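Everything on this sheet refers to the single structure shown next.
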Amino acid sequence: MALEHAILVSLSERSGSGYELARRFEKSIGLFWSATHQQIYRVLKRMEEAGWVAVETVAQDGRPDKKVHTVSAAGQAELRRWLAEPNASAGPQELAVKLRGASFGDENAVAEELARHRAAHAERLDAYRRIEKRDFPAPTSGRALHQYLVLRGGIRVEEGQIEWLDEVLNALQSDEKDAR
């Protein structure tokens, strides 16, 4: 995922200056996608040049003028395209940004993407458990213990991802039922 998409999600939620956007990143999206103030300003400039954001200059008393960024129609189209685009290599950070932005695109496409990732994590977990059963049937020590502990780390990561994705998918299904 490009920083552009995280910025499009944030600006879709609320327009703002580069400074305001950087502050929001520190408190929300930044929990799973970090960016420095300089990165945000550089990307905003590229996004403006690409036509994804519009900029309004707002005069301020006793301070420099403020540039307020809003998502343009082209930016909305790019966000919808990205939200609907499958990405088998998306990590938890990208999935979290897609989930955060789901209401700005095809929510069903985002849910389908999350379900695909859940299935991939379940396959990986099954493979790790087969390895565990085959290669570590009894308590171990030394190098074998170290290998086992790494495998256990992988198992725990996959279990955590599956648990989170189950929670998300169940919540989305409940929300869809409530909306009917």
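The values are calculated or read from the model by the stated rules, or taken from the named source; none is laboratory data. If you're wondering where the values come from, they're calculated on a predicted model, not measured in any experiment. In this analysis, Cβ positions are derived from the backbone assuming ideal geometry, glycine residues included, and neighbour counts consider all displayed protein chains. These area figures cover heavy atoms from the full protein model, side chains too; ligands, DNA and RNA do not enter into them. Shrake-Rupley method; radii C 1.70, N 1.55, O 1.52, S 1.80 Å.
Quick notes
- Proximal lysines relative to Lys27, as straight alpha-carbon distance under 20 Å, when same-chain residues fewer than 8 apart are discounted: Lys98
- Annotation: peptides 78-88, 169-179, ranked by per-residue average of other Cβ atoms within 10 Å with the highest first, follow the order 78-88, 169-179.
- Equivalent ellipsoid, region 25-177 (semi-axes from 5 times Cα gyration tensor eigenvalues, Å): 42, 20, 13
- Counting only residues at least eight positions apart within a chain, or on another chain, the lysines with an alpha carbon under 20 Å from that of Lys67 are Lys45.
- Sorting 56-67, 157-168 by their mean Cβ neighbour count within 10 Å, with the most densely packed peptide first, gives 157-168, 56-67.
- Taking every protein chain into account, the accessible area of region 1-95 amounts to 55 square angstrom per residue (probe 1.4 Å).
- Note, ³J(HN,Hα) from phi for region 97-107, Karplus 6.51, -1.76, 1.60, rounded to Hz, x at Gly and Pro: 5, 4, 4, 4, x, 3, 5, 9, x, 8, 4
- Percent carbon-and-sulfur accessible area, the chain, ignoring ligands, DNA and RNA, probe 1.4 Å: 50
- Temperature 37 °C, viscosity 0.692 mPa s: under these conditions the Stokes-Einstein estimate for region 1-51, based on its Kirkwood radius over C-alpha pairs, is 307 µm² per second.
- Ala2/Asp166 FRET efficiency (R0 25 Å; Cβ-Cβ; nearest 0.05): 0.35
- Its convex hull of Cα atoms gives region 62-146 a direction-averaged projected area, equal to a quarter of the hull surface, of 11.0 nm².
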